[in-house]
1. Roll a 1.4 Å probe over the protein heavy atoms and report the accessible area of E151 in Å², nearest 10.
2. When the Karplus curve 6.51 cos²θ - 1.76 cosθ + 1.60 is applied with θ = phi - 60°, which whole-Hz ³J(HN,Hα) does each residue of the range 68-78 get, with x for Gly and Pro?
3. Under the Cβ-under-4.7 Å rule, which cysteines of the chain stay unpaired?
4. Could you put F330, F227, F111 in order of accessible surface area, largest first, with the 1.4 Å probe and the full protein assembly present?
5. Once phi is turned into θ = phi - 60°, what whole-Hz ³J(HN,Hα) does the Karplus curve with 6.51, -1.76 and 1.60 give for every residue of the range 191-198, x standing for Gly and Pro?
6. Please calculate how many Å² of accessible area the range 168-288 carries per residue, with a 1.4 Å probe and no DNA, RNA or ligand atoms counted.
7. Taking the Cα-to-Cβ direction at Q226 and at D213 and moving 7 Å from each Cα, how far apart do the two end points lie in nm?
8. Out of N104, Q148, F164, whose Cα points farthest toward the positive end of the dipole of the chain (charges: +1 Lys, Arg; -1 Asp, Glu; placed on Cβ)?
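The values are calculated or read from the model by the stated rules, or taken from the named source; none is laboratory data. Everything numeric here is computed off the predicted structure, so don't read it as measured data. No Cβ is skipped: glycine too gets one built from the backbone with ideal geometry, and neighbour counts run over all protein chains shown. Heavy atoms of the whole protein, side chains included, go into the accessibility calculation; ligands, DNA and RNA do not. Shrake-Rupley method; radii C 1.70, N 1.55, O 1.52, S 1.80 Å.
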Amino acid sequence: MIDGNVQNLSIYLHWPFCRSKCPYCDFFSRVKKNFDQDVIIDGYLQQLERYAEILPRRQVISIFFGGGTPSLINPRNISRILEKISCLWALDSKAEVSLEANPNTQTPSLFADLASAGVNRLSLGVQSLDDNELKFLGRTHSAADAYQSMEQVKRYFCNASADFIYALPDQTPEIWCRRLKKICALGFPHLSFYQLTVEENTPFGRRGIKTLDEERAAQIYLQTEQFLADANYGKYEVSNYARTGFQSIHNKVYWQGGDYIGIGESAHGRLHLDDKIYAVTDPLQFEELSAQERAEELIIMGLRLVSGINKKNFKQNCGLDFDFFVNQKFKKQSVDAGLLCETSQNLAATTEGFLLLDWLIRGLCS
């Protein structure tokens, strides 16, 4: 039986390797063919053991294999990691075990093997169902590859998500409507939509690729929200939509200020220890966050949720009173303008507010 005093913990494992680098990607990853996977996994297991010494009384509620391309990990090594975690901590009976995969990493038995290894939620990086768009995005799979992989994913995972990128240059609401019809017809219970952004240090940035103008991008964003609502997908975060019962447990830990550790190169975590909050980077580098730093993080992450920021949770998480911390004048103006909605328990962005989320966050924290 789990002790009521045991705190929840989530675990993020970062696999940095990819077969190729997408020209829009600003995340840390490596394109490397010659390395010993088992040696890297051995290092992950050692890191988990070290964390268990620091955090002995925790219950793991979610595990996430991200990247990079973690579907390149041998399923046998996925099993090793999951077995180690279950030996070190209590594992919630409904623990979510997610893994990101790309259609081009599929081998004939990949998804079956991942399910057998203990993965119970598969997130597929489709990005587009159009070959021309996939070529522009630098993806190495075709639309046919994506459809084939999605059918295999649905065969082995009832809990599955697919990622897509929208607001490509010259994309129109009419074109996007056709895309949405195909996407919703797939029957995935969870969908994520990310607006194309171009960062300076990416190939797209160096090539001077221009993003869609803000007005049209906003139109497509609102179109997506309405289309998915009509298809029985509820938006619960700025980029994420789910049918009932399929919201991501792991990602909500980030957005709601829960505790998690990061394993692997460039991974990071947040931990409450002895009434203090720490930013933790691999390997086990702890940096105490001030109450103000933590408060700003909670606003940045919490306002992404449709449910918004829970004021009670905010105070428990950083020690500061929410109404004392935020810029009250800015908050009132934003509520009056219909960009924020407030109750005694929560502050949340409205549909219009989500279009100005970064601006709202800066204003509340000013």
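1. 110 Å²
2. Once rounded to whole Hz, the list reads x, 10, x, 6, 7, 6, 4, x, 4, 6, 4.
3. C18, C87, C158, C177, C184, C318, C341, C365 - these cysteines have no disulfide-compatible partner (Cβ-Cβ under 4.7 Å) in the chain.
4. F227, F330, F111
5. Values, residue by residue: 9, 10, 10, 10, 6, 5, 10, 10 Hz.
6. Spelled out: the 1.4 Å probe surface of the range 168-288, per residue, equals 50 Å².
7. Rounded to a tenth, the inter-label distance reads 2.0 nm.
8. Positive-most Cα among the choices belongs to Q148.
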